Amino acid sequence: MKRLLLLHGYTESSATFAPLRPLLPPGLPVVAMELAEALADWRPLGPVNVASAARRLAAYYRVTAHDVVLGHSMGGWLAAYLKQETGCTAVLLSGFTHQNRIISRLRGLGVLRLVVQAGLLQSRWLNARFKRRYPFAESRALYGQLLDDTRRLSRAYLYQQLQILFAPAPPLTARPDLRLHARHDHIILPPTEFYVEIAGDHFGHYFYPQQVLAAIRPLLG
């Protein structure tokens, strides 16, 4: 049976899909993919990047070509490689298939590892600064909660996610089945490929789940 797999973004959890879940068709099997759980005891033989993490998720959640993976942000990046790995249907929600779409001045993994090890990404001072600079009133509280939650994440897990985002990855040959993106996303640049626009900002799916459902319903069968 076709399943809908929900794959969250960087430092998030499946809770960001909470407004969408009650709107989904009754009887549709839904699986919340939790990266922290899937990567907790992962011991990769090679480098950690989006492709190796996608292979881990494919095995952990037994993803098949019959599944639909709805990935937000970094989860969309992973969803594209899950499609390449398994043939599943990939829906990118404020996601990307090119790392140059990530809006970030800091990309070098060596520096990022030092930043994580020093605890800077989890510091109250830096998080307070990020909150003050956040531009969207609608999602400010949600963004602030996500920042506060990073203090409970292990540094190893934080660095795993940064490797997924920025480590060199093999070429992506599979094309996503659908891209959804908000024009006012200031974290991920809009795709250069065709996409369906949704309202809001980077967290538009949280505040406008009806628009997401309308777009993905034809893929759910």
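All of the numbers you see were taken from the coordinates with simple rules; none came from a lab. None of the values given here were measured: they were computed from a predicted structure. Here the Cβ is made from the backbone with ideal geometry for all residues, glycine too, and neighbour counts use every protein chain on show.
Below are the figures for this structure:
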| item | result |
| --- | --- |
| Residue ID - surrounded by the most Cβ atoms within 10 Å (Cβ to Cβ), chosen from residues in region 24-34 that are out of contact with any Ser or Thr (no Cβ under 9 Å at 6 or more places or on another chain) and not in a strand (DSSP E or B) | Leu24 |
| Any helices (runs of 4 or more DSSP H) falling wholly within region 124-221 and containing at least 2 residues that are under 24 Å from Lys83 (Cα atoms) | 155-166, 204-207, 209-220 |
| Residue within region 151-168 that is among the hydrophobic types (A, V, I, L, M, F, W, C) and farther than 24 Å from Leu120 by Cα present | no |
| Boolean, Thr64 is in contact with a His (Cβ under 7 Å, 6 or more places away or on another chain), among the β-branched types (Val, Ile, Thr) and either crowded, with 16+ Cβ neighbours inside 10 Å or farther than 24 Å from His202 by Cα (or both) | no |
| Criterion violated by His184 - all others in (1) touching an Asp or Glu at 6+ places or on another chain (Cβ under 6 Å); (2) closer than 18 Å to Thr97 by Cβ satisfied | (2) |
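Yes/no matrix, rows are residues, columns are (1) aromatic (Phe, Trp, Tyr); (2) more than 15 Å from Arg179 (Cβ to Cβ); (3) free of Cβ contacts under 8 Å to residues at least 24 places away in the same chain:
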position: Leu24; (1), (2), (3): no, yes, no
position: Ala32; (1), (2), (3): no, yes, no
position: Ala40; (1), (2), (3): no, yes, no
position: Val69; (1), (2), (3): no, no, no
position: His72; (1), (2), (3): no, no, no
position: Ala79; (1), (2), (3): no, no, no
position: Gln84; (1), (2), (3): no, yes, no
position: Thr89; (1), (2), (3): no, no, no
position: Phe96; (1), (2), (3): yes, no, no
